[in-house]
Amino acid sequence: MLTAWKKIQKMPEASERQRMWLFVIAAHTLSNYRRTASRRLELTERLRHHAAASTPAPENAYAVRDAVLRLHQAQRELVMLIHWDGFTIVEAAEILGLNPSTARSRYAAARELLRDALVDEKA
């Protein structure tokens, strides 16, 4: 309903067309939800597979892991795709449904936050 309300200016005049317009918005909203859920499930499976195959981490790796877990979810997903799963920034952007330039700026901000967090821990 929120999506329909935001697009109310585009609503057609005829009542039957209005009804169909609302059904189309509902269908698109459900499709977006399903795609998002599917992407998250795929990411979870990849991370689970990677975690099962990884070797025990050295002590400083725990500090890195904790710093990554403190990132905002959107930044954390991007960092994990790039560093844990080995995707490029462009590939990670595609997986997450982002514009590549948005992914680059989000990744740069995440790296800065990680750098600050890890430097603070060493001091």
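Readers should treat all values here as calculations from the given coordinates under stated rules, not as data from a laboratory. These figures come from a predicted structure and were not determined experimentally. We place every Cβ from the backbone using ideal geometry, glycine too, and count neighbours over all the protein chains shown.
Overview of values
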item	result
Calculated FRET efficiency for the pair Ala61/Arg40, C-beta based, R₀ 25 Å, to 0.05	0.55
Global size of the chain as Cα Rg and Dmax, reported in angstrom	20.0, 67
Residue range of the chain that is longest and free of trypsin sites (Lys or Arg not before Pro) which are both DSSP loop and sparsely packed (at most 12 other C-beta within 10 Å)	8-69
Distance (nanometres) between label positions extended 7 Å along Cα→Cβ at Asp120 and Phe23	5.4 nm
Selected from Leu98, Leu22, Leu78 as most flexible by GNM, with the chain as the system and alpha-carbon contacts under 10 Å	Leu22
